[in-house]
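The next block holds one structure in the form of structure tokens; read it before the comments.
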Amino acid sequence: MCGSWPYIPKLLIYHITAARNQASLASFLPSFCMQPEIAAELAAAIETPRLLLEPLCARHADAFFQPLQDDEALYRWITMAKPTSLEALRAHWQRIEHSRMDPDAQFAWPIWAVRRKSDGHYLGRVDAEITDGLEASNFGFYFFSRYWGQGYASEAAAAAIEKLTARGVRRFVATVTVGNHASGRLLQRIGFQFTRILPGNDVIRGVVMDDEEYVRVGGWGWRAGVAIRLGHRSLGTHIARFCWSSDTLVSRYSRGLTHRQH
């Protein structure tokens, strides 16, 4: 159940400071509701040596629509249907742009349009569904087939994983249709491990397919720290920031009584 936390008890801070492993730390962290501002932070832009990962916007529909219509090879391994019209695609992506959350506002939905720096061409996209427990329950990507085999998908996916981990996401789950060996190898290259077969987990072009599940556990080594917002409308915004430096967890807790939420 989502709730407000007017303060963080000192005992909790002491326990967090003393925690030396993921399990003990996780047992003391409070849960929180996924907030739009957190979803927006998770979807912030990312840059790599060759690529720009731009938060998906309605304007990207103009560059994506035609390749999504023409690239038949793209749909061999994914369930996504072709957009019915440019206007429909724009409208759908505009809704995502405004909230950075799923339509039911249950989880954050960072999606990036992947752009090549050298010529500005859009190559594909990367996305993740982030729960209020800061777990990526569904990490995925697609790239247009003309850009396969050039390392772009690995570069973009690895960058997204790194940034989401720095922003607090500690566990990633991805599924790949059985037979899609290239995507399975890519996930393993960026730190995922195969866990199990999910029978009948997907339907592609009307055919029920099995999926392979891959999991990556990012741990709690947050270089930049993660802000867990504990909003309370009458007392203001409470922010606990946790950073891991060597084997010492440092807690920085600020109580914003003068910055009220409305």
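Miscellaneous remarks
- Of all residues making up region 145-185, the number that are hydrophobic (A, V, I, L, M, F, W, C) and outside any helix (DSSP H, G or I): 7
- Scanning region 129-181 for residues that are crowded, with 17+ Cβ neighbours inside 10 Å, in contact (Cβ under 8 Å) with a residue 40 or more places away in the chain and farther than 29 Å from Lys82 by Cβ returns Leu134, Lys163, Thr165, Arg167, Gly168, Val169, Arg170, Arg171.
- Single condition Met80 does not satisfy, out of (1) in contact with a strand residue (DSSP E or B) (Cβ under 8 Å, 6 or more places away or on another chain); (2) of a type outside the set (S, T, N, Q); (3) surrounded by 19 or more Cβ atoms within 10 Å (Cβ to Cβ): (3)
- Just one of the numbered conditions (1) crowded, with 18+ Cβ neighbours inside 10 Å; (2) touching a Lys or Arg at 6+ places or on another chain (Cβ under 8 Å); (3) at pLDDT below 95 is not true of Ile111: (3).
- Inside region 71-91, residues that are farther than 28 Å from Ala158 by Cβ and of a type in the set (Asp, Glu) make up a count of 1.
- Only a single item in (1) at pLDDT below 95; (2) assigned to a strand (DSSP E or B); (3) not polar (S, T, N, Q) is not met by Glu97, and it is number (2).
- Residue check, Phe172 touching a Lys or Arg at 6+ places or on another chain (Cβ under 6 Å) and modelled with pLDDT of 95 or more: yes
- The single condition from (1) at pLDDT 95 or above; (2) out of contact with any strand residue (DSSP E or B) (no Cβ under 8 Å at 6 or more places or on another chain) that Ile197 fails is (2).
- Index of the failed condition, Tyr253 passing every other in (1) modelled with pLDDT of 95 or more; (2) not in a loop (DSSP other than H, G, I, E, B): (1)
- Test: residue in region 236-244 that is modelled with pLDDT under 50, assigned to a loop (DSSP other than H, G, I, E, B) and among the hydroxyl-bearing types (Ser, Thr, Tyr): no
The values are calculated or read from the model by the stated rules, or taken from the named source; none is laboratory data. Note that the structure is a prediction, hence the values are computed from the model and not measured. Because the Cβ atoms are built from the backbone with ideal geometry, glycine has one as well, and the counts that use them run over all protein chains shown.
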